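The block underneath contains the structure these notes are about, expressed in structure tokens.
What follows draws every value from the coordinates through simple rules; no lab data is involved. Keep in mind the model is a prediction, meaning the values are calculated, not measured. Every residue, glycine as well, gets a Cβ built from its backbone with ideal geometry; the counts of neighbours run over all protein chains shown.
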Amino acid sequence: MDVVIQGAELLANWNSLLYLLIGLISGFIVGCIPGFSTAVAAALLVPLSIGLPLELGLLMVVGVYAGSQFAGAVPAILLNIPGDVGTAATAMDGHPLALQGKSLYAIGLARIASAMGGMIAGIIVVCTVGLLADAAIRFGPREMFIVTMCALAVLAGIVGNNVTKSIVSVLLGLALSMVSANPQTGTTRLTLGIPELFEEMPFIPAIIGLFGIAQMWMIATRDKFESVDMEKSASRITGRFLLSDIVDGIRTAFRYPMVIARSSLIGLLMGVIPGIGTSVANFISYSITKKQSKSEIPFGQGNPEGILASEASDNAAASGTLVPTMALGVPGSATAAVMLAMLYINGIEPGPRVITTHGPELYSVFLGAMVASALIIPVGLLLSAPLAAITKIPPRYLSGAILALCVIGAFAYRNSVFDVILALMFGFVGIVMRVKGYPVVPLILGLVLGPIIETNFLRAVAIGGYNISYFFESTIGNVLWSILGCIIVYSIISTLISRKKFRQRVFNVEEKV
Amino acid sequence: MQYQKQQKEKSSQKGRNVTRIAFEAAIPLMSLVFGIALFANTSQMNIDTKLLPQLMAVPLVIVSLLLLVKSAGAVVTRKVSPPETEDEKSILDHPKKVIWAISLTVIYISIIPWVGFFSSTALFMFALMHVLGAKGFLRKLAISVGSTAGIYVLFGLIIAVPLPHGYLI
């Protein structure tokens, strides 16, 4: 308890809060730009942190993390161009709300959910960091493989109406992710001798192409972004409406406490497991919320629960990744890897001992993550409201600038022109997929999960001596297999029940007619 | 006169149907070719390298074939179902705008290494606004140059990220 209080004392001064705020605002600005991930924003601040006391540098990165995790929701909602992979889940319900002229309300929901998710996860992390670190260390390649299979099974819940097309989309994503060098043998597969593909099929250019470039090409046919009358919606950017937007967002968020609590927990757990990535948490939360929801508003058409689920888990996962990073020295995400670098620069070796050797700094980071989440509410209000005005600009003036941003985002990922060309190719794929109703999100998820599945599967197989029974010899593994089985059975039963209800409804309507 | 109008409408409708069938077949065809290529490319490799790619490729090929058969049915029977999505309706109603947007983007990305990022960005924005129907030469010039200058300030100076470069500016 003493060390927590010491951590709070480190945080409770103007200098610490200033650097936290600098990080938050920087993260917000960079996070709004498609293709600029949280890691890029954090890495840009590392040179600034040299010379600063350790806790100030770490607080700045924590601020960047929180800011950019939320900021990715803004272009996702306004333009259907996710700032990061995870915010594609936010876009599924956020953008339809924006098209209904409720962009500020949707951003308000995202803001409140991000804040609450980060704070809930932060409280749990502060109270249980030791336990969470113990749990994280028990996850080896075998358990990671089963977790990713569970993630795939859960994500089946967010497929579109056409199941065949959704299956093609996810299989295409998984197959495309195999275009790389095998992680164990180094043998390249279908890379055509292109060095940029040896490491991976990069998913940032894929997101930029499938969402950003394809979206801008489609919007070229329209006179306006929103489908509501622009004159009516132009009056929304006033103080009175900003306030009502905040009140609406808070009121809506408190109507779904279970959604936020459950999503925060899912995000925290996904963040604690190193290597899974925060983006998967968004989709798992979204999928589970969709299955549990009794709302009459269909998901994918502006259901607020979808936004709340995605954004709460997003920021909760960010807090979760701090646990393996600080307590085990295993970065839970690319941004956490930046924080790890800062620890090493300051001569600190992260690991189980760091809780005793640098406890106050560690807890100031965890508490800082909570404070940064709370600050999202006022900072998000100030910065996102002007951005919402973007949807008032006719697409013929805006498309060019956004396409230029897409080029910058694709290039900035690895300083490679090849990534820009790749984004363009994915743009072609994206436009055809959108026109014929193929869901794009499963393809992105396949690209993200494919390498994780393969790496962990091959490692587990090698550790187990090519013995299939190895996958069933761990208690945690068997619990995960049971969860996977339950997910599959539940998905099948709920699909059969909803089809039966649909048929009954149709027959009842036909009888009445 | 009326006969010519009817002929024009007929050929336009035929063009739309051909476009729609092409769109219908594009993704399954691409997936089929890619699946077969991945399977063939990894067939001579050791089990560690080829296991998962082939596990992904086989169901991809099967499902793609099913979808191709369905779209081939549309070609044979010449029965095309109504547009499934709003995007499909938009693209069929305004094909020229989409083709221009795509073509200009391809040209833009191609000329960056020669003309330079900032020059090509300004030219691209101007040209895109023009083909999408924006009015006012000075307005288009101001927006394209102003936006490019803004990009330079934000990305080149403030955030200082590397940008694509070419022989010119």
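Numbers at a glance
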| read-out | value |
| --- | --- |
| Chymotrypsin sites (Phe, Trp or Tyr not before Pro) within the range B:120-169: DSSP coil, no more than 10 neighbouring Cβ in 10 Å | B:Tyr167 |
| Residue among A:Ala136, B:Ile151, B:Ile62 farthest towards the positive dipole end of the protein assembly as shown, charges placed on Cβ | B:Ile62 |
| Amide H contacts under 5 Å for A:Thr188, placed H, 5+ residues apart | A:Asn182 |
| Volume per residue that the Cα convex hull of the range A:302-358 spans, once the total is divided by residue count, Å³ | 75 Å³ |
| Given charges at Cβ of Lys, Arg, Asp, Glu: the protein assembly as shown dipole, positive-most of B:Gln44, B:Phe34, A:Ile33 | B:Phe34 |
| Of the GluC sites (Glu not before Pro) in the range A:271-361, those whose Cβ has at most 14 other Cβ within 10 Å and which sit in DSSP loop | A:Glu296 |
| Neighbour net charge for A:Thr335 - beta-carbon separation under 15 angstrom, K R +1, D E -1 | -2 |
| Electrostatic dipole magnitude of chain B [Cβ: Lys, Arg +1; Asp, Glu -1; Cα centre; debye, to 20] | 800 debye |
| ³J(HN,Hα) computed for each position of the range A:393-403 - Karplus, 6.51 cos²θ - 1.76 cosθ + 1.60, integer Hz, glycine/proline x | 6, x, x, 5, 8, 9, 4, x, 5, 5, 5 |
| Among A:371-377, A:257-263, the order from most to least packed when residues are scored by Cβ within 10 Å on average | A:371-377, A:257-263 |
| Globularity ratio of the range A:424-481, using Cα Rg and 2.2 N^0.38 Å | 1.71 |
| Derived scalar couplings ³J(HN,Hα) [the range A:313-329; Karplus, 6.51 cos²θ - 1.76 cosθ + 1.60; whole Hz; x for Gly, Pro] | 6, 4, 6, 5, 5, 4, 5, x, 5, 5, 5, x, 5, 7, 8, 10, x |
| Peptide-level mean, for A:104-113, of C-beta atoms on other protein chains within 10 Å | 0 |
| Dipole magnitude of the protein assembly as shown about its Cα centre (Cβ charges: Lys, Arg +1; Asp, Glu -1), debye to nearest 20 | 2740 debye |
| Neighbourhood charge, 15 Å Cβ-Cβ cut-off, centred on A:Val4 and excluding it, Lys, Arg +1 and Asp, Glu -1 | -4 |
| Ranked by how many other beta carbons lie within 10 Å on average, peptides A:22-33, B:89-100 from highest | A:22-33, B:89-100 |
| Whole-Å semi-axes of chain A's equivalent ellipsoid (Cα gyration tensor) | 32, 29, 24 |
| Peptide A:431-443 - average C-beta neighbours from other chains (10 Å radius) | 5 |
| Average silhouette area of the range A:373-479, convex hull of alpha-carbon atoms, in square nanometres | 12.8 nm² |
| For peptides A:441-447, A:393-399, B:106-112, sequence by mean Cβ density within 10 Å, most packed first | A:441-447, A:393-399, B:106-112 |
| Which listed pairs, of B:Lys8/B:Lys70; B:Lys97/B:Lys140; B:Lys50/B:Lys70, have C-alpha distances above 25 Å, in listed order | B:Lys8/B:Lys70; B:Lys50/B:Lys70 |
| GluC sites (Glu not before Pro) lying in DSSP loop within the range A:134-210, provided at most 14 other Cβ fall within 10 Å | A:Glu199 |
| DSSP H segments from chain B that extend 30 Å or more along their own axis, Cα-based, with Kyte-Doolittle mean of 0.5 or above | B:47-77 |
| Peptide B:41-53 - average C-beta neighbours from other chains (10 Å radius) | 6 |
| Taking all pairs of distinct alpha-carbon atoms in chain B, Kirkwood radius in angstrom | 20.6 Å |
| Cα-Cα separations in the range A:245-356 greater than 21 Å, expressed as whole percent | 44 percent |
| Cα lying deepest toward the dipole's positive end in chain A, options A:Gly122, A:Met258, A:Leu405, charges on Cβ | A:Met258 |
| Between the range A:113-147 and the range B:51-75, the alpha-carbon center distance in angstrom | 39 Å |
| Estimated vicinal HN-Hα couplings, Hz - the range A:421-426 in sequence order (Karplus 6.51, -1.76, 1.60; Gly, Pro = x) | 5, 4, 4, 4, 5, 5 |
| Relative contact order computed over the range A:71-171 (Cα-Cα under 8 Å; 6+ residues apart), in percent | 14 percent |
